Amino acid sequence: MMLKEKLKLWLPVLIWAGVIFWFSSQAINKPAPFSWVDFIIKKTAHVIEYAIFYWLVWRTNKSFKLSLLVVILFALSDEWHQTFVPNREGTLRDVGFDTIGGLFSLLQIKKNL
């Protein structure tokens, strides 16, 4: 595969990873009281953003397992990164939601093959 073709496949992955990283870098002024609506919106966002990330990674290599591994490792690194951002926390629960997003994408891709 030529460099131009590889770049065409990998550039969207890198851009999307950058978008995820940017959102995770946003400090929170002060934690808000718990709200189910807020919780559902944020966790749905995790699932969607990592479903997209999985699909973008899968497009580059066509490996279900490798793509899921990349999603999980990136989710772990992103949650760790959030521990350095003011008033943010990294949680394994969010890695779980991210992984669910990857799995949804995996199942959808397999269904459509």
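Quick note: the coordinates plus some simple rules give every number you see, no bench work behind them. The model shown is predicted, which means the values in this text are computed figures rather than measured ones. Here the Cβ is made from the backbone with ideal geometry for all residues, glycine too, and neighbour counts use every protein chain on show.
Structure notes:
- Candidate lysines for bridging to residue 111, where Cα separation is under 20 Å - those fewer than 8 sequence places away on the same chain excluded: 62, 65
- Cα-based reach from residue 30 at 29 Å (exclusive), listing lysines while leaving out same-chain residues under 8 positions away: 42, 43
- Share of pairwise Cα separations in the stretch 1-44, more than 18 Å, in percent: 54 percent
- Working from Cα pairs under 8 Å separated by at least six residues, relative contact order for the chain is 35 percent.
- Computed packing ranks the peptides 31-39, 100-108, 88-96 as 100-108, 88-96, 31-39, most packed first, by mean other Cβ atoms within 10 Å.
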